[in-house]
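Bear in mind these aren't lab numbers, they're just calculated from the coordinates by the rules spelled out. These numbers were taken from a predicted model, which means no experiment stands behind them. Cβ: placed from backbone, ideal geometry, glycine included. Neighbour counts: every protein chain shown.
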Amino acid sequence: MAAGQNRMILSQCETRGIERLDVARQHGYYRALEKALATMTPDQVTDEVTKSGLQGRGGAWFGTGMKWSFMPKQPDPKRPSYLCVNADESEPGTCKDRFLIEHNPHLLLEGVLIASYAIRARVAYIYIRGEMWEGMEKLDRAIRELYSAKLCGQHILGTDVSIDIVTHPGAGAYICGEETALMESIEGERGYPRPKPPFPAAYGAFGHPTTINNIGTLAYVPWIIANGAEAFKKIGDPAYPGTLIYQITGHVRKPGLYECELVYTLRELIELAGGVREGHTLKAVIPGGTSMPVLTPDELDVVMAPASFMPRGPVKSGVGSAAIIVFDDTADMVDVALNIMSFYRHESCGQCTPCREGSKWVWDIFDRLDHRGARTGDVGIAEKVLVDVGDIDTFEFNKTICLFGCSFSWPLTVMIRKFRSEFENAEREGRPSPLPRPAPLPVIP
Amino acid sequence: MPTLTIDGRSVTVDNGTNLILAAERVGVEIPHFCYHPALKIVASCRMCFVDVTQEVRGKPVTRLVTTCNTPATDGMIVNTQTDAVRKAQNDILEFLLINHPVDCPVCDQAGECYLQDYTFRYGRPSSRFSELKRFKHAKELGAGIRLYTNRCILCDRCVRFLRDYVGTGELTVTGMGNAAEVSTAPGVPIDNKLATNVVDLCPVGALLTEDFLFKARVWNLKPIPSICPGCARGCNTYLDVMYNEVQRTRPRENPAVNGHFMCDPGRFTYHVIRHPDRLEAPAMRNGEALEEAPWDAAMATAADALRQAGRDAIVLVSTYLTKEELVAAKEFAGALGAPIAFIPNTDRWARETYPGGFVIEADRSPNTAAATEIIGRTIDEVEIDGTTPAVCVVNSSIDPAGIAAAHLEKIRRAQFVAAVDVLKGPLAQEADVALAGRTWAEKRGTFVNSQGHAQRFLPALLGPVGSRDERDILRELARLVSAAGEVAESAGATT
């Protein structure tokens with residue numbers, strides 16, 4: 001079956017001037033917010049979203065309504081609840097959130113306000129990636145419009161609901177997209193992830209109960225409130241209702257954003273993007289951003305929904321952030337591995353031992369492999385080190401504080417296994433560099 | 001009060017106790033770097049793994065957990081000797097050693113280094129790493145502390161200590177990943193009174209103090225339990241001794257008094273033992289100057305003057321003496337029939353408290369509590385003027401600044417001053433006979449601290465050849481004073 005798009009979100013972004021509040025309101029924006037404030041209690045909003053089956057689009061696919069239900073129903077006035085919106089999109093290959101922020105900020109802001117109302121949050125912190133300064137300017141402008149129109153701030157629309165929205169820019173760290181590191185960064189500390197437990201609903205930003213939602217997830221919330229949970233469940237697969245904006249990039253004819261229901265296979269989605277480039281054959285596909293293990297051409301008939309992948313399904317990969325990166329036969333997988341490892345080595349926060357030391361070690365080995373300076377046994381050592389950081393076969397993620405260690409050790413373990421011949425060729429072709437000289441003595445200058 | 005099993009041993013602990021402390025209670029050691037009972041838990045070194053078997057949704061599940069931040073729950077079964085645990089410990093040590101310079105031959109921490117000890121017990125003999133190690137320059141952080149950044153394993157103990165326990169936060173981590181370094185902000189060196197504790201906290205040889213740098217190998221040091229004489233708190237210490245010299249002072253844990261730490265001024269009081277102005281032999285006045293004299297001559301001179309004075313003499317003690325010496329001084333005064341008073345330590349400083357609970361008392365002498373109880377009367381309550389025939393001051397104060405000027409002026413009025421002291425300070429300069437006593441490190445005794453705890457300490461060194469223990473001096477003086485017959489009565493009665 002050929003894949004078709006359901007551009008329920010993306011079509012809204014094509015309206016001219018939709019980033020202005022007056023145009024947005026003409027197209028029905030903020031009516032869902034009015035409906036929620038006027039006719040629904042916060043718990044009813046949470047129930048509606050839970051019934052709709054909406055799941056987090058950041059990559060973890062945790063039930064949004066269920067996450068909201070963890071928040072205190074009667075917040076202590078000395079410990080107000082917070083909503084943290086994760087707009088720190090930095091996963092290589094992912095660009096859907098940036099597109100939505102830059103083209104349709106009001107869609108997202110309405111979702112933020114409804115979510116804050118549902119969890120009784122006093123402030124919504126939008127943590128936006130520092131490099132997305134254009135998006136932040138647009139969001140800031142949109143938020144100013146909301147304050148003027150009394151759609152956020154004190155006594156929204158004359159009710160006793162007060163919600164402030166604050167944008168907080170990041171400063172160039174991928175790790176601050178991890179929810180606990182995001183909260184640390186908002187507090188002004190270094191972006192070091194916290195061990196869990198305690199979970200954010202109990203101890204979050206500044207120690208207060210906090211919910212963290214991906215900004216792409218909140219884009220669906222106004223639609224659900226306006227049209228009802230039952231209508232949402234009818235879109236696509238009832239287990240994973242709604243759509244997902246797949247970002248199909250790489251060696252395809254028509255790379256871009258494709259919004260589809262979660263019923264199509266990876267092969268169908270690649271066809272939707274025009275298939276592999278003229279004159280080339282498919283070699284590998286990363287299905288969900290570089291943190292997801294690579295798939296080979298014989299594994300493309302997997303439905304791109306969480307049910308197909310670990311832990312819910314058999315395939316050792318994941319939908320992740322829906323960033324589909326296609327490689328054709330011109331791609332050198334050793335080079336790809338080095339490219340991916342460079343990112344993770346640069347972004348490791350350095351807090352815990354396996355990730356901090358392991359990322360450098362593995363990068364050094366891949367660097368020598370790629371530049372054909374490897375020694376015999378290097379591929380074996382790289383594999384063993386990656387397993388020591390996190391073993392994909394036992395689904396081990398506890399060696400490190402957060403999942404960053406697994407986000408490079410799992411996919412690279414699979415890449416070495418599936419393209420072992422390429423890595424071993426690189427090792428064989430190596431003219432081994434001499435063993436390094438010992439490091440200089442540390443003297444006081 | 002959950003009950004759990006650790007390596008087959010059953011233990012019941014308080015609610016909320018983390019597994020690492022529960023294991024300590026049954027004598028099971030769990031290796032760790034970043035955990036410290038006085039600091040916030042970060043679980044970042046990933047060394048303290050154990051295998052825990054718990055019921056999850058009705059089925060027993062075994063998984064590796066970090067013990068420093070996992071509270072004990074009822075029915076937990078903990079195993080520290082499984083293959084998974086050993087592999088995890090092995091892996092973390094391998095990761096730590098790949099960029100560690102392994103310069104044990106030139107590193108002060110050798111012998112008390114967590115990384116060395118754990119590698120011997122839990123690590124592997126060789127490494128598979130054959131890349132360039134990352135290199136970082138060493139730094140001087142202030143307060144005599146050096147950071148050999150190359151050796152740092154980023155356990156963050158120093159950062160947490162200065163930020164949370166001391167409240168000053170001079171250290172932070174800069175950079176990310178393998179380029180992360182502990183450092184100070186530019187132009188803001190470490191400057192607080194608890195700074196050198198980070199050297200004790202550092203599990204490897206990254207943070208070192210210039211006070212001990214390259215002085216001695218730790219396995220040649222003999223640790224003697226002692227009490228700091230720097231203030232009335234009486235932090236518990238170890239004096240590490242080699243070749244009859246104190247090489248360094250370390251805090252000794254006492255939850256009621258000083259926790260795990262001690263202050264820098266107290267830590268460095270040991271330098272007074274070899275002070276250039278140390279009084280190492282008795283001296284007698286000859287005109288303007290004090291000249292060194294033999295013990296019997298000095299003692300005879302002092303005893304004569306005191307016997308003559310009899311009831312009109314005044315015996316003064318300082319608050320630097322041990323409880324036993326105070327009792328001996330009181331007996332000596334009783335043998336003379338003379339009044340005894342103590343010289344209170346003038347409050348020249350303020351009491352300091354720190355967020356972590358550490359206290360530096362305003363009274364910078366160690367035994368005011370015992371002096372108040374045993375002696376009672378202070379120098380302000382006795383009359384000393386030109387008619388006072390003799391004053392015997394048992395000082396032995398380790399404060400180089402000496403007795404306060406007001407008190408010294410009072411003592412000077414007497415016709416004859418005999419002093420027992422350890423430094424050639426202002427008092428010894430005024431004395432007619434100065435008898436060489438011993439510092440706290442050279443004798444045993446008890447100090448009673450500001451909280452009322454009586455704390456004993458042991459001698460770490462032999463005193464200088466020409467010095468004698470204060471109690472010996474007092475007993476000998478008492479014997480000399482009464483050996484020549486009855487104590488002389490005087491016209492006026494004094495109490």
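Key figures
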quantity: Computed [θ] at 222 nm, helices only, for the protein assembly as shown once each DSSP H run of length n ≥ 4 contributes -39500 (n - 2.57); calculated: -8500 deg cm²/dmol
quantity: Interchain or long-range residues, amide H under 5 Å from residue A:259's placed H; calculated: A:6, A:246
quantity: Largest-first principal axis extents, alpha carbons of chain A, Å; calculated: 74, 63, 37
quantity: D_trans [Stokes-Einstein, Kirkwood Rh over alpha-carbon pairs] for chain B, 25 °C, 0.890 mPa s, µm² s⁻¹; calculated: 95
quantity: Most mobile listed residue (A:197, A:75, A:169) in chain A, GNM with C-alpha springs under 10 Å; calculated: A:197
quantity: Of the trypsin sites (Lys or Arg not before Pro) in region B:345-376, those whose Cβ has at most 15 other Cβ within 10 Å and which sit in DSSP loop; calculated: B:348, B:351
quantity: Averaged over A:338-351, number of beta-carbon atoms from partner chains that fall within 10 Å; calculated: 3
quantity: Peptide-level mean, for A:191-201, of C-beta atoms on other protein chains within 10 Å; calculated: 2
quantity: Alpha carbon centroid spacing (whole Å) that separates region A:390-407 from region A:1-30; calculated: 39
quantity: Table column - 3J(HN,Hα) (Hz), region B:457-464, Karplus curve with 6.51, -1.76, 1.60, x for Gly and Pro; calculated: 9, 10, x, 9, 10, 7, x, x
quantity: Violating pairs (Cα-Cα greater than 23 angstrom) within the set B:410/B:443; B:133/B:215; B:139/B:193; A:67/B:40; A:384/A:418; A:35/A:138; calculated: B:410/B:443; B:133/B:215; A:67/B:40; A:35/A:138
quantity: Rg/Rh ratio calculated on Cα atoms of region A:45-108 (Kirkwood radius); calculated: 1.03
quantity: Given 11 as the ceiling on other Cβ atoms within 10 Å, longest exposed-site-free region of chain B for chymotrypsin sites (Phe, Trp or Tyr not before Pro) in DSSP loops; calculated: B:244-495
quantity: Dimensions in Å of region B:283-490 - Rg and Dmax from alpha carbons; calculated: 16.8, 60
quantity: Shape call, region A:112-190: gyration tensor on alpha carbons, a/c limit 1.5; calculated: oblate
quantity: Region B:3-95: C-alpha gyration tensor shape, a/c 1.5 cut-off, then a/b vs b/c; calculated: oblate
quantity: For region B:303-318, Karplus couplings with θ = phi - 60° (6.51, -1.76, 1.60), whole Hz, Gly/Pro x; calculated: 5, 4, 4, 6, 5, 4, 5, x, 5, 8, 6, 10, 9, 10, 10, 9
quantity: For q = 0.14, 0.20 Å⁻¹, Debye-computed log10 I/I(0) when each Cα of region A:1-148 counts as one equal scatterer; calculated: -0.76, -1.49
quantity: Fewest-first ranking of A:333, B:1, using other Cβ atoms within 10 Å as the exposure measure; calculated: B:1, A:333
quantity: Shielding of B:232-239 by partner chains, average beta-carbon count, 10 Å; calculated: 0
quantity: Region A:143-267, Rg to Rh (Cα coordinates; Rh as Kirkwood inverse mean 1/r); calculated: 1.04
quantity: Where N is the number of residues in region B:302-421, Cα Rg divided by 2.2 N^0.38 Å; calculated: 1.12
quantity: Fraction of antiparallel bridges per DSSP, chain B only, in percent to nearest 5; calculated: 75
quantity: Two-site label geometry, residue B:348 and residue B:25: point separation in nm, points 7 Å out along Cα→Cβ; calculated: 4.8
quantity: Bins of 20 Å from zero: percent of alpha-carbon pairs in the protein assembly as shown; calculated: 12, 33, 28, 16, 9, 2, 0
